[in-house]
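A short write-up of the structure that comes next.
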Amino acid sequence: MTQSPELLRRLLRAKDRMDGASHEEWPVDRLAEVSAVSAAHFARSFKQAFGMPPHRYLLTRRIERAVAMLRETDLPITDIAFSTGWKSLGTFGRIFRDITGESPGNLRARARSSAPAGQLVPECIVRAVQRPDLKASVSEKRREQAVETMGLQSTEDS
Amino acid sequence: MTQGIDVAGVYVRDQDEALAFYVGKLGFRVHTDVRNGDYRWLTVQHPDQPAFQLGLFKPGPPVHDAATARTLFEVLAKGAMPPLVLVVDDCRATFERLRASGVEFTQEPVDRYGSVDAGFRDPSGNGWKMIQARTQRGAQ
């Protein structure tokens, strides 16, 4: 099934809204309203257009923002977790590790020991490049990792 | 300037709509608007930058076959075309003016790296970053 450019443009609007306020809650009916499509069709249409379900896309954006804040600010990790949209520090830490492969504290320490990114490139581009590549769902990733550590499967690092 | 980039273009889904946006809202001027059959060569330029033309090109024949044109329209509507950057003297003032005229902003002005930037899209889906020039601080 192909998607009309008119529909894609409206789906992009929902994606833009998540990009602009990823700390907010984005239930499907809110996104569907932005795109002017039914809630029943939204999630499937979004996934077809952008390659991942809207909720998963939102998670990547939140982690991306958290990574940027860990790198660029001295804010406590708790503050970063809440300001990027998580309701519990535990959930933030778990999903952060699942997606990036390390803890927020480790990432901050590692980022500080390396040189800052060039400031000649617009911020949005730098972030897009640093965006975590979330192809598998968080729970799938965790399962894969568990399997790997048990030595039952050797897959390349995704 | 006698050598350099003269024209670079973006794809748009509708050239009349794009013209109304880039000229009517952003304040560009029409540089060239000529037709040959169904083909329309349309370029605009920034009033402060007469040496550069921004082309507003619609995918389709005779340049593209129907399937290719369709793919380009899809990619455009998904916002997957390359980034564009507009430099302005005052990002917040321009933001207020453009938003009042109905420009679809994707990011309100944010202070970053000693400058201010915002983001908007044209009606087709092309994404623009609008960055405040840093020259006022004596960098030149």
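Using amide H atoms built 1.01 Å from N in the peptide plane, name the residues 5+ places from A:A36, or on other chains, whose amide H lies under 5 Å from its own.
none
At 7 Å along the Cα-to-beta-carbon direction for both A:T91 and B:A67, put a label point, then send me their distance in nm to one decimal.
Calculated label separation equals 4.5 nm.
Using a Förster distance of 45 Å, how high is the FRET efficiency between B:A133 and B:Q15, based on the Cβ-Cβ distance and rounded to 0.05?
The value I calculate is 0.95.
Please report the relative contact order for region A:43-92, taking Cα pairs under 8 Å with a sequence separation of at least 6, and give it as a percent rounded to a whole number.
RCO, region A:43-92: 22 percent.
Enumerate the amide H contacts of B:S124 below 5 Å, restricted to partners 5 or more residues apart or on another chain; note that Pro and chain-start residues carry no placed amide H.
Hits under the 5 Å cutoff: B:R13.
Expressed as a rounded percentage, what relative contact order does chain B have, with Cα pairs under 8 Å and six or more residues apart?
Result for chain B is 22 percent.
Once you have a ≥ b ≥ c as the square roots of the Cα gyration tensor eigenvalues for region B:27-98, tell me rounded if a/c is under 1.5, and otherwise prolate or oblate according to whether a/b is larger than b/c.
oblate
Local charge sum around B:F21 (other residues, Cβ-Cβ under 13 Å, Lys/Arg +1, Asp/Glu -1)?
-2
For chain B, take the longest principal axis of its alpha carbons; what is the angle in degrees between that and the long axis of helix B:91-100, to the nearest 10 within 0 to 90?
50 degrees
Give the distance, in whole Å, between the Cα centre of region A:2-36 and the Cα centre of region B:13-78.
With region A:2-36 and region B:13-78 each reduced to a Cα centre, they are spaced 26 Å.
Rounded, prolate or oblate: which fits chain B, taking a ≥ b ≥ c as square roots of the Cα gyration tensor eigenvalues, rounded meaning a/c under 1.5, else prolate when a/b beats b/c?
Taking the square roots of the gyration eigenvalues as a ≥ b ≥ c, chain B is prolate.
Whose amide H sits under 5 Å from the amide H of A:H23, counting only residues 5 or more places off or on another chain, with H placed in the peptide plane?
For A:H23, whose amide H was placed from the backbone, there are no distant partners under 5 Å.
Mind listing the phi-derived Karplus ³J(HN,Hα) values for region A:31-47, rounded to whole Hz, using 6.51, -1.76 and 1.60 with θ = phi - 60°, and x for any glycine or proline?
Per residue, the Karplus-derived 3J(HN,Hα) values read 5, 4, 5, 4, 8, 6, 10, 6, 4, 5, 8, 4, 4, 5, 5, 4, 4 Hz.
If contacts are Cα pairs under 8 angstrom and at least 6 residues apart, what is the relative contact order of region A:1-92 in percent?
Relative contact order for region A:1-92 comes out at 25 percent.
Taking Rh as the Kirkwood radius computed over C-alpha pairs, what is the Stokes-Einstein D of region A:1-129 at 25 °C in a medium of viscosity 0.890 mPa s, expressed in µm² per second?
It diffuses with D of about 154 µm²/s by this estimate.
With n ≥ 4 as the cut-off for DSSP H runs, can you work out [θ] at 222 nm for chain B, using -39500 (n - 2.57) per run divided by the number of residues, rounded to the nearest 500?
Here the helix-only value at 222 nm equals -5500 deg cm²/dmol.
Provide the net charge surrounding A:L75, with neighbours chosen by a C-beta distance below 12 Å and charges set as Lys +1, Arg +1, Asp -1, Glu -1.
0
Would you kindly derive the ³J(HN,Hα) couplings of region B:64-70 from the backbone phi angles with the Karplus curve 6.51 cos²θ - 1.76 cosθ + 1.60 (θ = phi - 60°), listing them in order in whole Hz, with x for Gly and Pro?
10, 6, 4, 5, 5, 4, 4
Could you check the simple spin-label distance between A:T2 and A:R44, using points 7 Å along Cα→Cβ, in nm with one decimal?
Result: 2.0 nm between the two label points.
Just so you know, all these numbers are worked out from the coordinates, no wet-lab data involved. Just so it is clear, the structure is predicted and the values come from calculations on it, not from any experiment. Positions of Cβ are backbone-derived with ideal geometry, glycine not excepted, and every protein chain shown enters the neighbour counts.
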